[in-house]
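Participant: Sharing a structure with you now.
The values are calculated or read from the model by the stated rules, or taken from the named source; none is laboratory data. Just so it is clear, the structure is predicted and the values come from calculations on it, not from any experiment. Here the Cβ positions follow ideal geometry from the backbone for every residue, glycine too, while neighbour counts run over all protein chains shown.
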Ligand SMILES: [Zn+2]
């Protein structure tokens with residue numbers, strides 16, 4: 001049913017352009033030219049995009065840490081007022 005979508009994914013080892021079926025994205029595939037294994041979908045986004053994604057990921061982690069610290073501080077303040 002339906003047609004298969006193919007993505008062009010350069011091999012990270014030999015740099016050849018491989019056509020990879022969409023269903024293999026995120027799965028390990030083997031390059032038929034150099035037989036190296038890599039995760040399909042890697043290297044498809046340009047470096048700028050992945051840098052932005054990494055920055056967003058770091059920001060998310062930073063905000064999560066901040067929220068955690070605020071929770072700890074709130075708990076500490078509650079603890080202080082109870083012990084008074
Ligand atoms: Zn290759």
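Participant: Could you give me the residue pairs with C-beta distances under 6 Å whose first residue belongs to the stretch 14-27 and is farther than 13 Å from residue 38 by Cα, whose second residue is more than 7 Å from the ligand (Cβ to nearest atom) and assigned to a loop (DSSP other than H, G, I, E, B) wherever it lies, and which are 6+ apart or on separate chains?
Facilitator: Short answer, once both residue conditions are applied: 21/4; 22/5.
Participant: Being touching a strand residue (DSSP E or B) at 6+ places or on another chain (Cβ under 8 Å) and near the ligand (Cβ under 10 Å from one of its atoms) is the filter here, so list the residues in the stretch 1-16 that pass it.
Facilitator: Once the filter is applied, which keeps residues that are touching a strand residue (DSSP E or B) at 6+ places or on another chain (Cβ under 8 Å) and near the ligand (Cβ under 10 Å from one of its atoms), the stretch 1-16 yields 10, 11, 12, 13, 16.
Participant: Which ones in the stretch 25-38 are at pLDDT 90 or above and away from the ligand (no atom under 12 Å from the Cβ)?
Facilitator: Filtering the stretch 25-38 for residues at pLDDT 90 or above gives 27-38.
Passing the criteria: 27, 28.
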